[in-house]
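Presented below is the structure to which this report refers.
The values are calculated or read from the model by the stated rules, or taken from the named source; none is laboratory data. Predicted, not measured: the structure shown is a model, and the values here were computed from it. Here Cβ is always computed from backbone atoms with ideal geometry, including for glycine, and neighbour counts include all displayed protein chains.
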Amino acid sequence: MVKFDYRFLGLIPIVTVPAMIATDMFIFISLFLGTIALSYFCSRTGIKIGIELVTFTTVVTGVMFGMVPGAFTGMILVLIHDIMMGRIAPYLLIVIPTFGAVGALASTFSNVNIFMLGISLTLFSHVLFIIWQTLTSKFPIRYLPHFVVNVVINFYLFSNIAPKLLAILK
C-alpha cells in the first residue's frame, strides 16, 4: 500500500491560495485533490467497489478546459487511482487511454447536457473495460458490483453536482 507523507499537506496553501483568485482553477484543483484523497481513503480502508471521482473530474475538466486538459487529467488521475488501489496490471493498457478519450470526448461534446454526457461517458468506459476483460481473459463476474456502484455514484454526481458546478464555472 501507498504510505502518505503528511509533509505534502504543506503544499495545499501554496497551491490553493493563488487558485482562489481564479474560481475555475480553484474548483479544478479541489476536484483533482479530492479525487486523489478519495482514492487514498479507499486504498487505506480496502474499499474497492466502484467508488471513485476520476470519471466525474475528467468529464468536468474536459467540458470546462478543453480536450488536452481533460485527456491529461483523466490519464493522470486514473493512473494515480489504480496505483493507490494496487491495480498495476495489463488492465492499465486500456484504462489509461480510455480515460484520456473520456476527457477528450467530454470536450468535443461539451454542448451536450452534462448529465447525458457524463452517464454516456461512464457507460462508454465500462463497455470498453468489459470488452477488454472478455477478450484478454474470462469476464470476471466480480466486476459487476464495481460497475453498478460506479454507475450509481456517477448518476448522482452528474445529475446533482455537475450542473451546479458548471453553473459556477460558466
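Test each condition in (1) within 17 Å of the chain's Cα centre (by Cα); (2) under 17 Å from G70 (Cα atoms) for T108 and report the one that comes out false.
Only one criterion is unmet by T108, namely (1).
Which is closer than 26 Å to F26 by Cα and not in a helix (DSSP H, G or I), of N150, N111, N154?
N111
Taking only pairs six or more apart or across chains, which ones have beta-carbon atoms under 9 Å, a first residue in segment 23-36 that is over 14 Å from G70 (Cβ atoms), and a second residue that is outside any helix (DSSP H, G or I) and among the basic types (K, R)?
Within 9 Å, no pair qualifies.
Which ones in segment 1-50 are small (G, A, S), surrounded by fewer than 17 Cβ atoms within 10 Å (Cβ to Cβ) and at pLDDT 65 or above?
Scanning segment 1-50 gives G10, A22, S30, G34, A37, G46.
For residues in segment 122-170 being of a type in the set (G, A, S) and farther than 28 Å from L93 by Cα, which is surrounded by the most Cβ atoms within 10 Å (Cβ to Cβ)?
The residue in question is A162.
Name the residues in segment 58-94 that are of a type in the set (F, W, Y) and at pLDDT below 95, would you?
Hits for segment 58-94 are F65, Y91.
Yes or no, residue by residue, for (1) modelled with pLDDT of 95 or more; (2) of a type in the set (S, T, N, Q):
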| site | (1), (2) |
| --- | --- |
| L105 | yes, no |
| I119 | yes, no |
| L128 | no, no |
| P140 | no, no |
| N154 | yes, yes |
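Among the residues of segment 123-132, are any over 22 Å from F72 (Cα atoms) and in contact (Cβ under 8 Å) with a residue 12 or more places away in the chain?
The answer is yes; a qualifying residue exists.
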